[in-house]
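Coordinate-derived values only; no laboratory data. As the structure is a prediction and not an experimental result, all values here were calculated from the model. Using ideal geometry, Cβ is built from the backbone for each residue, glycine included, and neighbour counts are taken over all protein chains shown.
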């Protein structure tokens, strides 16, 4: 496989890297730090990408994109994630909220939301996980009950990334207790500014804005806020998760950090223990494997034939890569004893990568659930 994807992709990577060099401050580690200026940097950079037509590159022109190939969007995804995701929380709207609205949204919903996403002007959060209903998502208890010509939603969500800064929530709630638990779920598009929505931050190693609890206290919504058909939420969410799991190019950040290691250590690289350098090589091979699996899923998505097991296989490989590469990089960084800016930056980036990796095999569906999905697909194909 040609990993360069051709001359156009090479030029696109150069353009993106130049923009990041020009627009982002030195040592930038994303939008969700203790410094509020980092969030503003992400918002400004996101709008700049949108002005250049690079934010929603592969979206159809009618929805604010440029109609580019899915592979060009993959280049954007890789470069953004390799450089601490300077789009901030916007990647969620770009990667899966927007595409889901294109497939399941009404014309009114598309006209309301897609232009704002494509211009980098709105942030979305995902109202899925609940206390006791994380990996077993279909067991969720947040309830939407009929109220005249609309609904009243009450319940709690947890581990909701970006809820404190989000404008809208892609919310999954139970509208029926009839039949299988997957059959009574519905997706609602709800404004986070409603007084019936309360957000409580969960402090973590990643910064104050990342994780939250969200409470819905008899939130009033109407039929116009329902995405797709009532009761079809599980079908919609399965598509969402497939896009979400491949939409984060974790392997790109791992590979960038691994390749920086010999440059930072310089002559002392040869003094590393042989087994540590061998493990470093193995991590680069795992990066290549994860990239191949991602490209397989991207190709299948482009053809409209993604199976849950394909996304699960990628997710298993890339989340394990996050953690194993972090362990190797931490050991390598301990040998980087210089006090020059490049060495200090490498140590700090490695520490941040390790902290982020700790939840990798739990977030967006635990690795055990991914193994179950993959096993089911393999058994069905046998």
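The alpha carbon gyration tensor of the stretch 162-223 gives principal lengths a ≥ b ≥ c with a/c of 1.5 or higher and a/b greater than b/c, which makes the shape prolate. Each label was represented as a point 7 Å from its Cα along the Cα-to-Cβ direction; for residue 121 and residue 182 these points are 3.9 nm apart. Remark on the stretch 126-231: hydrodynamic radius 13.9 angstrom, per the Kirkwood mean of 1/r across alpha carbon pairs. Mean projected area of the Cα convex hull of the stretch 98-174, taken over all directions, amounts to 6.1 nm². Using the Cβ-Cβ distance between residue 196 and residue 52 with R0 set to 56 Å, the FRET efficiency works out to roughly 0.90. Of the DSSP beta bridges with both residues in the stretch 90-182, give the percent that are antiparallel, rounding to the nearest 5. Among the beta bridges of the stretch 90-182, antiparallel pairing accounts for roughly 55 percent. Nearest 10 degrees is fine. How inclined is helix 70-82 to the longest principal axis of the chain, computing both from alpha carbons? It is inclined by approximately 60 degrees.
Shown here is the pair-distance distribution of the chain: with all Cα-Cα distances grouped in 20 Å bins from zero up to the longest one, the shares run 27, 59, 13, 0 percent. Between residue 331 and residue 355, what is the label-point separation in nm under the 7 Å Cα-to-beta-carbon projection? It works out to 2.4 nm between the two label points. Modelled label positions at residue 215 and residue 18, each set 7 Å beyond Cα in the direction of Cβ, lie 5.2 nm from each other.
Using the alpha carbons alone, the radius of gyration of the stretch 237-378 stands to its Kirkwood radius in an Rg to Rh ratio of 1.05. Taking the DSSP bridge list for the chain and keeping only pairs wholly inside it, about 80 percent are antiparallel. Protection proxy ranking for 220-226, 116-122, using the average of other Cβ atoms within 10 Å per residue and placing the highest first: 116-122, 220-226.
To the nearest µm²/s, what D does Stokes-Einstein give for the stretch 7-122 at 10 °C and 1.306 mPa s, using the Kirkwood radius over alpha carbon pairs as Rh? Translational D for this selection: 111 µm²/s. Taking every DSSP helix (H) stretch of at least 4 residues in the chain, weighting each as -39,500 (n - 2.57) and dividing the sum by the residue count yields a mean residue ellipticity at 222 nm of -16000 deg cm²/dmol.
The length gained by stretching the chain between residue 108 and residue 324 to full extension, at 0.36 nm per residue less their Cα-Cα distance, is 73.2 nm.
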